[in-house]
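The values are calculated or read from the model by the stated rules, or taken from the named source; none is laboratory data. Source: prediction; values computed, not measured. Because the Cβ atoms are built from the backbone with ideal geometry, glycine has one as well, and the counts that use them run over all protein chains shown.
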């Protein structure tokens, strides 16, 4: 067996190092800074927020990818969603639907089903009557959902969600906010697939800044 030359060994070592190097996101290319940084609601944990709308086709295409990713986040990272309306009544109805489902512990079960109903099956869930009927068929407690949907608390959450989006500098969805400091999106990162290395790096930065 012939021994490798020093040059060959150097190339192999360089290749191994490159393969283990973590992706480093670049500010103003892959992400932007939230100025000023916004406070989070997750205590000592790093908070990752997806700002979205069920009506958004880009959010629909991202959902099957971001849901399994979010489930694998470490215990010191919290994933949340903020549905926004951007002042559109139909989007506001869908935002209220999300918060109402969240209030009765049905949001996670039905999240991707709502996207499918809207974007694949063509069901107009922005119509309240159609929404209520569809949710009945999904086994949701009708009265609990309607009570939550029509409550002042849920309406306030929709308004607060829209306000948070403005504070984060969000002008399109989907947008990801990491720890109230960093803002990124598929369009900034270069596509849905490219978004995940960016988010992973921003989470690493946030964990490091918190000493976690």
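Take the conditions in contact with a strand residue (DSSP E or B) (Cβ under 8 Å, 6 or more places away or on another chain), without any contact (Cβ under 8 Å) to a residue 60 or more places away in the chain and either under 26 Å from residue 156 (Cα atoms) or loosely packed, with under 11 Cβ neighbours inside 10 Å (or both) and apply them to residue 80. Does it pass? Yes: the conditions hold for residue 80.
Out of all the residues in region 54-70, is one or more on the phi > 0 side of the Ramachandran plot and outside any strand (DSSP E or B)?
No, region 54-70 has no match at all.
The sole residue among 42, 53 that is modelled with pLDDT of 95 or more and surrounded by 11 or more Cβ atoms within 10 Å (Cβ to Cβ) is 53.
On the given criteria, is residue 190 over 15 Å from the mean Cα position of the chain (by Cα) and over 15 Å from residue 25 (Cα atoms)? It is false that residue 190 is over 15 Å from the mean Cα position of the chain (by Cα) and over 15 Å from residue 25 (Cα atoms).
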